[in-house]
């Protein structure tokens, strides 16, 4: 039985090409926001789809904006104190991405973090 599964996998890879080997669901990354800092549960991820699970542990309303190479920009919703939100982004290019809160002057007060996207 295992040989049949292995053979079927090899046939699928031969027919579909490398895309079959790299197709995967989004990586999930936890993000904690509070006055005045953003914490990530990992410093780096592989390139591809990422689901950012944002939790606002602070007393102010925060948001999550993702900036990256080649003018990449994704803006998430406002997250009220004690609430959660999800932001999806396809981080296709390797490099450094910046996670920011753009409410009031939160970024200047320290609400930013770096995320490295690997190949």
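Given (1) crowded, with 16+ Cβ neighbours inside 10 Å; (2) in a strand (DSSP E or B), identify the lone condition not met by residue 30.
(1)
Looking only at region 43-73, count how many residues are free of Cβ contacts under 8 Å to residues at least 24 places away in the same chain and farther than 22 Å from residue 109 by Cβ.
Summing the residues that are free of Cβ contacts under 8 Å to residues at least 24 places away in the same chain and farther than 22 Å from residue 109 by Cβ in region 43-73 gives 2.
Kindly provide the set of residues from region 76-119 that are exposed (fewer than 14 other Cβ atoms within 10 Å of the Cβ) and part of a strand (DSSP E or B), ordered by number.
84, 88, 90, 96, 114, 116, 118
The numbers here are math on the coordinates, done by the rules we state, and not lab data. This one's a predicted model, so the numbers in the text were calculated from it and none came from an experiment. Cβ: placed from backbone, ideal geometry, glycine included. Neighbour counts: every protein chain shown.
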